[in-house]
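Presented below is the structure to which this report refers.
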Amino acid sequence: MKTSEATLNEAEIIDYLHKVMDNRFANFILKEMMEVKKLEKSLGVYAGVLKPRGIKERLHAKIVGEALEKGAEKFGVSPETIKSHLKDPYMRKGFAVILRSIAEYGITKPQRLVAPFMVVWDFTKQ
């Protein structure tokens, strides 16, 4: 991850996310992809690991990808880094849950999620 000259503090990050998520168009697109699975699919298409089934999926992937790239630029992260992380299905699921949660509930402390962020399996008790 490339460090930007002016590192952002927590308040600046939250303020930036508020600005992005208050954008009516971005919010509309995220709410259009009501299900986490649809957003997850768009992230996979953006990363180049899944094929779009139609023009709508291709368009959603392009919009989501451009929004991610714009946000990543603010934090000094390259689009290639994002795409490489999104090739992992677990990362796509995590990104989808976080993005969908922000679209649904806004930014909250603690962040309210539409689905569990991570499920921990305990294999020690058998």
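May I ask you to list the residues in segment 113-126 that are closer than 20 Å to LYS38 by Cβ and either modelled with pLDDT under 70 or in contact with a helix residue (DSSP H, G or I) (Cβ under 6 Å, 6 or more places away or on another chain) (or both)?
If the condition is that a residue be closer than 20 Å to LYS38 by Cβ and either modelled with pLDDT under 70 or in contact with a helix residue (DSSP H, G or I) (Cβ under 6 Å, 6 or more places away or on another chain) (or both), then LEU113, VAL114, ALA115, PHE117 are the ones that fit.
From the list LYS62, LYS74, which one is of a type in the set (Lys, Arg), within 20 Å of ALA47 (Cα to Cα) and at pLDDT 85 or above?
Just a single option satisfies the conditions, and that option is LYS62.
The values are calculated or read from the model by the stated rules, or taken from the named source; none is laboratory data. Here the structure is a predicted model, which is why all the values come from computation and not from measurement. FYI the Cβ positions are ideal-geometry reconstructions off the backbone, even for glycines, and counts take in every protein chain you see.
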